[in-house]
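The values are calculated or read from the model by the stated rules, or taken from the named source; none is laboratory data. These figures come from a predicted structure and were not determined experimentally. Here the Cβ positions follow ideal geometry from the backbone for every residue, glycine too, while neighbour counts run over all protein chains shown. Note: areas computed on protein heavy atoms with side chains; ligands, DNA, RNA excluded. Shrake-Rupley method; radii C 1.70, N 1.55, O 1.52, S 1.80 Å.
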Amino acid sequence: MRLSRYFLPILRETPKEAEIVSHRLMLRAGLIRQESAGIYAWLPLGLKVLNKINAIIREEQNRSGAVELLMPVIQSADLWRESGRYDAYGKEMLRIKDRHEREMLFGPTNEEMITEIFRGSVRSYKDLPLNLYHIQWKFRDEVRPRFGVMRSREFLMKDAYSFDLDQEGARHSYNRMFVAYLRTFARLGLTAIPMRADTGPIGGDLSHEFIILASTGESEVFADKAVLDQPIPAVDTDFDSREALDAIFQAWTKPYAATSEMHDEAAYNAVPADRQISARGIEVGHIFYFGTKYSEPMKATVTGPDGRETPVHMGSYGIGPSRLVAALIEASHDEAGIIWPDAVAPFDVSLLNLKVGDAGTDEACATLYKALSARGKDVLYDDRDERTGAKFATADLIGSPWQVLVGPKGLAEGKVELKRRKTGERVLLTIEETLARLLA
RNA sequence: CGGGGCUUAGCGCAGCCAGGUAGCGCAUCUGCUUUGGGAGCAGAGGGUCGUAAGUUCGAAUCUUACAGCCCCGACCA
């Protein structure tokens, strides 16, 4: 993509409302634009990151056996009356009426709807286990939205829902998501710690939050450092093996780790002092097992092997991709801007033509741009007629993992400069060497 | 939902107290000079001063109402 033809509205100054670094950088780097309190438009650069995160989430959900579908954002109030949550959910639910005065709502979550879909089509235990997920916009009318997309009213959520014949099966489904989440966050370049968590209005008795440690986090958390030493489950993990998944779950949940709601002072004090973590964290995922809380009132049953109808055991599993964008920035940035992990960077390479109009730099850039693009690299080519300083500042701000600096000075020796955003390290290389390095 | 604050050009702000018809920096556009870390000079464009009503000869400025937004707290898959 040529920057001169892209839409990248960068701000030199920080809008005053942005308090935390991720919010500031998302506004400055042109990822988002606020349209209302807690409601944001995703600009091209932000959307690219969001899509990359979604792609990784999808891969890991699919790998674990979950199946993607897509449910609507608008739901019927009647559905929520069945579960009893229409009145219970309170003012956080945005209620609306259509032209026929029918009561509708903008979905804050989808347990009711997925249960309705399930009961309409599944009759037999032979169709279980089943895990259905979607990535869809949610709306929760927060009293006080803040911190940009970290705590917004409209936000994107991957929510998965599992259905099993019994509690044992449901535990296995829970573990599948547990492992899939560990892999997902690791692939995003994040260190997420699963912590025992409160179940809140979802209900149920087993729940873990996946927390990223960050001083700007809204949750107070306590953990044993030992949890950080656990290996990330391998790509070839057998998701059908109850034993294998349970072993991973046991290993990860053995060290103490809990949010403040579930904090056990005595257990925490038993952790050696040099291994105690008392910090703040950002919740990027939350998984629940809640048994028959919805299947019973909503009559989502299957016929079991014994011929009797039983309500299915369910769990729900959420990840917030839009919040993850902010969390990634909180975890990886410096004075100059964002430092994207390779896996989610909106562009793999920023190519800077330091003297647009110079035959040599123009040609070298064209060669690099063509060769990198042909090999599937997403390149943002800064072909603007700008001063070098502005180009450097832009490239650092938007945080592409690699920068290729092409100027007359280097070209005089037949070299261009390759810069690693994360370390600031630069090396002078020929064009061929640069290509070899980036395409390796 | 309690408390506090803000709203003037795309962004950041001044002007308001002591009413006289709007200004600064950045950004944008034009020209010249510059060109390896957000250039310099000269010029230009852009604002019904959040909305509505009131007071006044005259309102960005004073009064009232409303709206939007932000911060602290409480709340929060």
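Given the structure, is A:Gly399 more than 10 Å from RNA strand B (Cβ to nearest atom), closer than 18 Å to A:Asp383 by Cα and buried (at least 18 other Cβ atoms within 10 Å of the Cβ)? Judged against the criteria, A:Gly399 is a match.
None of A:Ala66, A:Ala37, A:Ala88, A:Ala41 is surrounded by 14 or more Cβ atoms within 10 Å (Cβ to Cβ) and of a type in the set (A, V, I, L, M) except A:Ala66. Name the residues in segment A:7-24 that are touching a residue at least 40 places away in the same chain (Cβ under 8 Å) and either closer than 20 Å to A:Ile282 by Cβ or more than 8 Å from RNA strand B (Cβ to nearest atom) (or both), would you? The answer is A:Leu8, A:Ala18, A:Glu19, A:Ile20, A:Val21, A:Ser22, A:His23.
Mind listing just one residue for me: the one in segment A:79-117 that is over 22 Å from A:Ile319 (Cβ atoms) and part of a loop (DSSP other than H, G, I, E, B) and, of those, farthest from RNA strand B (Cβ to nearest atom)? The residue in question is A:His100. Taking each residue of segment A:59-73 that is of a type in the set (Val, Ile, Thr) and looking for partners that are open to solvent by less than 40 Å² (accessible area, probe 1.4 Å) with beta-carbon atoms closer than 7 Å, six or more apart or interchain, yields A:Val67/A:Asn131; A:Val67/A:Leu132; A:Val73/A:Phe106; A:Val73/A:Gly107; A:Val73/A:Gln136. Just one of the listed residues (A:Tyr40, A:Tyr6) is among the aromatic types (Phe, Trp, Tyr) and more than 22 Å from the chain's Cα centre (by Cα), and it is A:Tyr6. The condition of being touching a Pro at 6+ places or on another chain (Cβ under 7 Å) and either within 25 Å of A:Ala331 (Cα to Cα) or assigned to a loop (DSSP other than H, G, I, E, B) (or both) holds for only one of A:Val221, A:Val179, that being A:Val179. Of the residues examined, A:Leu31 is one that is modelled with pLDDT of 95 or more and within 16 Å of RNA strand B (Cβ to nearest atom).
Restricting to segment A:407-416, what's the tally of residues that are open to solvent by less than 20 Å² (accessible area, probe 1.4 Å) and more than 7 Å from RNA strand B (Cβ to nearest atom)? Final tally of qualifying residues: 1.
Yes or no: A:Val149 within 14 Å of RNA strand B (Cβ to nearest atom), buried (at least 18 other Cβ atoms within 10 Å of the Cβ) and under 17 Å from the mean Cα position of the chain (by Cα)? Considered against the rule, which asks whether it is within 14 Å of RNA strand B (Cβ to nearest atom), buried (at least 18 other Cβ atoms within 10 Å of the Cβ) and under 17 Å from the mean Cα position of the chain (by Cα), A:Val149 comes out as yes. Being open to solvent by less than 40 Å² (accessible area, probe 1.4 Å), closer than 17 Å to A:Gly318 by Cβ, outside any loop (DSSP other than H, G, I, E, B) and touching a helix residue (DSSP H, G or I) at 6+ places or on another chain (Cβ under 7 Å), is that true of even one residue in segment A:121-131? Yes: segment A:121-131 contains one or more residues that are open to solvent by less than 40 Å² (accessible area, probe 1.4 Å), closer than 17 Å to A:Gly318 by Cβ, outside any loop (DSSP other than H, G, I, E, B) and touching a helix residue (DSSP H, G or I) at 6+ places or on another chain (Cβ under 7 Å). Here A:Thr394, A:Thr367, A:Thr423 are screened, and the one residue that is surrounded by fewer than 17 Cβ atoms within 10 Å (Cβ to Cβ), of a type in the set (Val, Ile, Thr) and under 34 Å from the mean Cα position of the chain (by Cα) is A:Thr423. Remark: pairs (first residue in segment A:294-319, more than 17 Å from A:Thr199 (Cβ to Cβ) and outside any strand (DSSP E or B); second residue open to solvent by 40 Å² or more (accessible area, probe 1.4 Å) and polar (S, T, N, Q); Cβ separation under 7 Å; 6+ apart in sequence or on different chains) = A:Gly304/A:Thr310.
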